[in-house]
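Asks: What follows is a single structure, and I will ask about it in a moment.
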Amino acid sequence: GGIARADPDCSSRDPQDRDRFLFEANPHPMWIYDLDTLAFLAVNDAALRHYGYSRDEFLAMTIKDIRPPEDVPALLQNVARVTEGLDEAGVWQHRRKDGTILEVEVTSHTLAFDGHRAELVLAHDVTERRRAERTLREGEERYRTLFDLESDAIVMIDNETGRLLEANAAASAMYGYSRDALLDVLNTDLSAEPEDTRRVTTRTPILSDATVRIPLRLHRRRDGTPFPVEITGRFFAWRGRSVHIAAIRDITERVQTEKALHEAHERLQAV
């Protein structure tokens, strides 16, 4: 009931010898199991190395023995749904002899093997890839949380097109747009400055990695209301684009306070 180890020089041998060689030489774990009893009928060397069992130990087990107990019901349901031909069963959890849990991408194909109704399985270990994907996703979620917790409006702008590439929750609240609507406007659409001022500002050449601070600009909300802002921007290259990130602060209260103080000073001078 097993596949014998094949001679690497199988060019002159029959197709069965070549199949055995491809099975044994595959760098990914492979096995054949009985669809009725779930018992292992054959395993390759990669499976022995990867799972930590000897060949005799493998052939004394069923495929349930390499699954965490909580996954066995789902395994049995999946086996019951097996149809003839190729099956890409997706990602499953497997367990090594030492108890380590792996995430494996399983591809299988039904076949007749030594009189058994069987299935040939290739298990591709994707544990590290999935861990990296989760780490990346968690990092992006943390970035988004911090980005949206920032009290100043923050936007990322494409320097070539002037289109907003990213915006935080504070920017949406400040300008009165939903985030999706805000990403559909140009940075010049947010400005209430005269047209000539806008044209000069957007055409000013900026060095990559430069940081600029603009103490006073007039912007407008979606309803047309103008308000003063203070802008700090950082210009850099990102994914082949020239972009800048701008932190925009609504300074309406500060301007009003400064105006009131100035008027009070003038009245005092007049007295």
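Asks: Mind checking which helices in the chain clear 18 Å along their axis (Cα) and have mean Kyte-Doolittle hydropathy of 1.0 or more, DSSP H runs only?
Replies: The answer is none, since no helix passes both cut-offs.
Asks: Using the beta-carbon distance between Arg249 and Leu136 and R0 = 30 Å, what value does 1/(1 + (r/R0)^6) give for FRET efficiency, to the nearest 0.05?
Replies: Calculated transfer efficiency: 0.45.
Asks: Round to the nearest 0.05 the FRET efficiency obtained for Arg239 and Gln93 when R0 = 45 Å and r is the Cβ-Cβ distance.
Replies: 0.80
Asks: Still on this structure, please answer the following. Residue separation times 0.36 nm, minus the C-alpha to C-alpha distance between Val82 and Gln269: what's the value?
Replies: Net length gain for the segment: 58.1 nm.
Asks: Leaving out ligands and nucleic acids, and using a 1.4 Å probe, what accessible area per residue does the chain come to in Å²?
Replies: 61 Å²
Asks: Still on this model: With a 1.4 Å probe and every protein chain kept in, tell me what percent of the accessible surface of the chain is carbon plus sulfur. Don't jump to the answer; show the numbers that get you there.
Replies: On the way: 8600 of 16450 Å².
Summing carbon and sulfur atoms, their accessible area is 52 percent of the total for the chain.
Asks: In addition: What distance in nm separates the simple spin-label points at Leu38 and Tyr143, each placed 7 Å from Cα in the Cβ direction?
Replies: Result for the modelled spin labels: 4.3 nm.
Asks: Something else about it: List the residues whose amide H sits under 5 Å from the amide H of Arg67, counting only those 5 or more places along or on another chain, with H placed 1.01 Å from N in the peptide plane.
Replies: Counting only residues 5 or more places away or on other chains, the set is Arg95.
Asks: Which of the following values of percent of Cα pairs over 27 Å apart was calculated from the structure shown: [x] 60; [y] 42; [z] 32?
Replies: [x]
The values are calculated or read from the model by the stated rules, or taken from the named source; none is laboratory data. Keep in mind that this is a model prediction, so the values were computed, not measured. Note that each Cβ is placed from the backbone with ideal geometry, even for glycine, and that neighbours are counted across all protein chains shown. What goes into the accessible areas is simple: the full protein's heavy atoms, side chains included, and nothing from ligands, DNA or RNA. Shrake-Rupley method; radii C 1.70, N 1.55, O 1.52, S 1.80 Å.
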